[in-house]
């Protein structure tokens, strides 16, 4: 495979981002042992690669340190490097976020014809996107507006780019839009600037098939059987152990990697069979039930269930009692 695989890593001994990347690169090597892997990082991260952390480097072909403004926070450093990746890598590449698992060979990348390819966020178009009003609000704050040509909100967890003038121009615009977002809105997120850059440059992004970024928590089930890459979202690490859908969301696995400085046999097996490692308590919902998940009512009830179980039980029992009365009156 000629196409390079690119990661961005900003991490220290206190977090779990290196361990997260470790799992992703290890899974990549299981299916693509000869892949050329580039990891872009800041100088602080490079200095932290000592002891057990240094073993991660054995999986990587090239580590490249990128200069980042010293005043940036770690998350800002990560997005700064991410939106400048095209400038620092020679050749075509697939950028991959660290909260991913590679589940198949990626050889088909060498046959890609588009110059820039990204999978739509949540695997849906803007007409069906939950919270689309929020996207419009952020766009207006950044000084632009969506129109009928903006078909998708793209997920930047996997970005395919060729080494062409168009791709370089796009990344330059993406980075400039990100800098504006940081300066004007004090937001570190890179996806609104991605949408802005795509809009301003007359939509050079071509939608990639969902198998290249199977967002397991958001309609990814349709793409899971043929997935090349499973994206489980780093924010899921904030969940309790019983709430994850995808087993590899469980932060205990990352802590095990940190302690061992290696991938255990058990974790190796999970990564080798990564399309089938779902929580046994997972349930699929659709239609109206799925729509409820995006309502404020659902969020209130969920928070009540988690944070105030006593109040939740009281409410649930009261509703159950009223339901029984209603049934008896029929």
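The values are calculated or read from the model by the stated rules, or taken from the named source; none is laboratory data. Computed from a prediction, not measured in an experiment: that's the story for all the values here. Positions of Cβ are backbone-derived with ideal geometry, glycine not excepted, and every protein chain shown enters the neighbour counts.
Key figures
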item: Every residue from the range 41-73 that is in contact (Cβ under 8 Å) with a residue 40 or more places away in the chain, over 23 Å from residue 271 (Cβ atoms) and buried (at least 18 other Cβ atoms within 10 Å of the Cβ); result: none
item: Residue in the range 149-157 that is exposed (fewer than 15 other Cβ atoms within 10 Å of the Cβ), closer than 23 Å to residue 106 by Cα and assigned by TED's automatic domain parsing to the domain that holds residue 78 present; result: no
item: Residue satisfying all of: in the range 264-310; outside any loop (DSSP other than H, G, I, E, B) and within 16 Å of residue 216 (Cα to Cα); modelled with the lowest pLDDT among these; result: 278
item: Filtered residue count, the range 116-134, keeping only those that are out of contact with any strand residue (DSSP E or B) (no Cβ under 7 Å at 6 or more places or on another chain) and either modelled with pLDDT of 95 or more or in a loop (DSSP other than H, G, I, E, B) (or both); result: 5
item: Count of residues meeting criterion [under 30 Å from residue 275 (Cβ atoms) and assigned to a loop (DSSP other than H, G, I, E, B)] in the range 27-86; result: 7
item: Among (1) farther than 23 Å from residue 2 by Cβ; (2) at pLDDT 95 or above; (3) assigned to a helix (DSSP H, G or I) - the single one residue 109 does not satisfy; result: (1)
item: Evaluation of residue 182 against (1) in a loop (DSSP other than H, G, I, E, B); (2) touching a residue at least 24 places away in the same chain (Cβ under 8 Å); (3) farther than 25 Å from residue 230 by Cα (one fails), failing number; result: (1)
